[in-house]
Structure formats: structure tokens, C-alpha cells
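In what follows, a single structure is set out as C-alpha cells and then discussed.
The values are calculated or read from the model by the stated rules, or taken from the named source; none is laboratory data. Since the model is a prediction, treat every value here as computed from it, not as a measurement. For neighbour counting, all protein chains shown are included, and Cβ atoms are generated from backbone atoms with ideal geometry for every residue, glycine included.
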Amino acid sequence: MGLFQHKQHSDKKSPMVEVFEYEKNFFDEDFRVGIRDHARLYFEKVIQENVVVFKQDLDEASEAISADLKIRTAEQLDASIARLTIDLKEHITKQLDGQFAEFTKAAKEAQDVALGSLTTSAAALEEQHKQLGTTLQKSIANQSLMLENSFQENMKNMTSIKEANASALESLNRSVDELKNQNEQLTATLEKKIATQEESLMKAFEGNMAQVIEHYLLGALSEQYDLKAQLPAIIQQMEANKQALLDDMKL
Amino acid sequence: MSDTEVKTHENFVLPSRVVSHVDVSRLVTEIEWVDNAMTTAEVRIKAGGAETAIPALSDGLTEFLSQNQLTLADSGDRADLIKQLRLLKDKAPIIHMTFASPADHESLAQLTKWVRESLHPQALIVDGVQPALVAGVYVRTPNHVHDMSLRAVLAGQRGELVKELETLRASSN
């Protein structure tokens, strides 16, 4: 063994040597290998148990650290947010105050300008109102004058129309009398003419009656004769006109 | 044609059934047809073909040939006859006769016979119909008109009719 490697050996075997040799003889190679394997297994078992324990300790420590870290981080974040909120509020308030001041100033200026403009417009409107009133009064006066003149003229016209109506009525009365006379004369003339026409129509009727009879005879007889029945009469007539026909054929 | 007398359009005797220039045209056409047929037959005979029969003639043409003592055997005679008939159609005097009713062949034949015996031997008649004539005939020669109808008679006696009506009216009043 290593513990005894620097021991000086003597020729006489010391008890230790003897023990060593005994031991050497007793603990042979197989026994050593067995012991070594046993020791290694035991060592591995111990290590395995320590690993499990160590792992549990490590997990617990990790969880504790994680929880602490969360708490710590949350605390720091809350503090940061609170600080930022305060800063932001102050900044926004400051900007809003500035803008409010500018808006107030601009509104005041615009109000002043509008007020000035309204004042000017009111004055102009008042002036126009006055002018319109004057013009309207003049126009009304003119219209009154024109209406009065027109009324006078219409009165004159009405008078003249009445006079014309009276004269027209008188003329109409005269015309009616004349028409009555003419009507009587026309009636007498018409009666005479009707009598004359009646006479002439009767004469014409007598003249036309001959044509009517002739037409009737033509219509009634035209289909009664055939040529064979007429042939002797035709030849007789042609014989009577033979000389005239002969002369014409010789030309 | 006969050798004794040379027939021309001036001395043709027209049968009573040949009335108008249409009938003369029909005669010309028929003779031309016969001439063509006979000439063709002669050529065939000369060429050694069989002899063909002479084509049948119409009654009008037969009567015309017999009354004028003509034959169609010679091609020269046929040509002369065609020429003379064409002259007859163009130069024959035409009488237009209008009747109140359509004229039948028999009556036309009688009238044609009278006209050719009394007026002109080659005279042709063109007939027409006019019912308004009532009866009688309306004759138109080349230069004159002869109204021999009943209508003309009535128109000529209209004055007498009016007089009779006036008399009747006076007696009734």
C-alpha cells in the first residue's frame, strides 16, 4: 500500500512485512478486484444519492431565487412606473398650460377682429337702410302720382266709351229697322224668284224627262235584240245608205 | 295558179268566212306553213327519202283556193300567193261595224256577203260591241261615220217626245 512505501526494509522480516505479505497473500488479485468493484458500486450509489439531494437543493434554491427575483423586479418596475407617471404628468401639464395660454391669446385677438368687423358692418347697414328708406319714399310718391294720372285718364276713357256705346246703340237700332225693311224686300224678291225657279225647273224636268225615258228605253232594250233579228233591218238601212258608203269606199 | 287568169290581190274572191284582216293573216300563216312543209318534202324526195303526204288544209283556205281556182303544188305559185295575200291585207278597204250585241259568224258572213256584193269585193270587216247602241249598227268607213243605231233614232226624235210631254202636262193642268 502507499502508506508504507517509504518504510525501510530489513533483512528480517518485520511483523509488518509479514502482515503485509500475509495480507498480500490473503488479499489476492481477485479479492482486490471484487473489493474494487464493490467500492466503485458503493461510491456510485453514494454519488447518485448526493446528486439527487443536490438536485433537490438546486431546484429549491432556483425557485427561491426566481421568486425573490420576481418580487424584486416587480418592486423596481412599480417604482419606475410611479416615477415616470409623475414626470409625464408634470410634462403634459406644462405643455397644456402653454397651449392654453396661446389659444386664449389667439381667441382674444380673433374676437377683437370680429367685433371690429361687426361694428363696421352695422354702420354700413344702417347707412344702406337710410338710403333705401329715402328711395322707397320717393318711389311711393312717384307711383301715387302715376296712379292718380292713370285714374284720371281712365275716367276720361270711360266717359268716351259710354258716349260711343250710346251712339252704337242708336246706330244698331237704326240698322235693325233697315234690316227689317230689307228682310221684307228680300222675302218678296225670294218668293218671286222661287216661283220663277219653279217654273224653270218644271221646264227642265220636262226636257230631262225625255232623256230619262230615253235612258230607260236604252237600258231596257239593249239586251233584248240579238243580231240575227236585227240583220234584215241593218241590211235595209245599209242599202238605204249604200250610195254614201260606196262613195266613201271609192275615195 | 291557173294559166288563163293572173290572180292578184285586186281580183281575189274572198269567201264569206274570211271576214277581217285577222282572217287574211291566218290564211297567210297557213300558206307559209304549207309552203315550208311541201318544200321540206321536196328536198327529202330529192335526197332519196320517202314521199310524205300533203298537209291537211283548213276549210277557209280550201274554200279560198277553190273559189279562186288556185293550187299550192308549185313553190313559185305559193310564194306569189303569200305576197298577194299580204298586199291584200294591207290594201283592202276596212269597214268598222259596231253592234249592240256580239256578232255571230253567220250574221257576219251575211253582212260580209252584202258588203262585198254591194260595196267592194275585197272589203274586210272589223266588228265591235257597244251595248249603248240598243239595236242597229254603227258603221265607220275610211272617211265617214254612219250611225244607224236605235240610240241615234231616239236622239233624233227627242224634240217630238218633249213636245208630247208638254202637251200632256198642259192637258193635266
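Does segment B:24-44 include one or more residues that are acidic (Asp, Glu), closer than 23 Å to B:Ile94 by Cβ, within 17 Å of the chain's Cα centre (by Cα) and modelled with pLDDT of 90 or more? Within segment B:24-44, one or more residues are acidic (Asp, Glu), closer than 23 Å to B:Ile94 by Cβ, within 17 Å of the chain's Cα centre (by Cα) and modelled with pLDDT of 90 or more. Within segment B:136-150, the presence of at least one residue that is of a type in the set (Lys, Arg) and under 16 Å from A:Leu245 (Cβ atoms) is confirmed.
Reported count of residues in segment B:53-100, each being small (Gly, Ala, Ser) and either assigned to a helix (DSSP H, G or I) or in contact with a Cys (Cβ under 7 Å, 6 or more places away or on another chain) (or both), is 5. Please indicate, with yes or no, whether at least one residue in segment B:108-127 is touching a residue at least 12 places away in the same chain (Cβ under 8 Å), closer than 23 Å to B:Thr29 by Cβ and of a type in the set (Lys, Arg). There is at least one residue in segment B:108-127 that is touching a residue at least 12 places away in the same chain (Cβ under 8 Å), closer than 23 Å to B:Thr29 by Cβ and of a type in the set (Lys, Arg). Taking every residue in segment B:90-107 that is free of Cβ contacts under 8 Å to residues at least 60 places away in the same chain and more than 9 Å from chain A (Cβ to nearest Cβ) and pairing it with any residue that is in a loop (DSSP other than H, G, I, E, B) and not small (Gly, Ala, Ser), at least 6 positions away or on another chain, the pairs with Cβ-Cβ distances below 7 Å are B:Thr98/B:Gln130. Quick check on my filter: what residues within segment B:144-173 are facing chain A (nearest Cβ under 7 Å) and at pLDDT 85 or above? Once the filter is applied, which keeps residues that are facing chain A (nearest Cβ under 7 Å) and at pLDDT 85 or above, segment B:144-173 yields B:His144, B:His146, B:Met148. Is one or more of the residues making up segment B:125-138 within 15 Å of the chain's Cα centre (by Cα) and more than 14 Å from chain A (Cβ to nearest Cβ)? Scanning segment B:125-138, I find at least one residue that is within 15 Å of the chain's Cα centre (by Cα) and more than 14 Å from chain A (Cβ to nearest Cβ), so the answer is yes.
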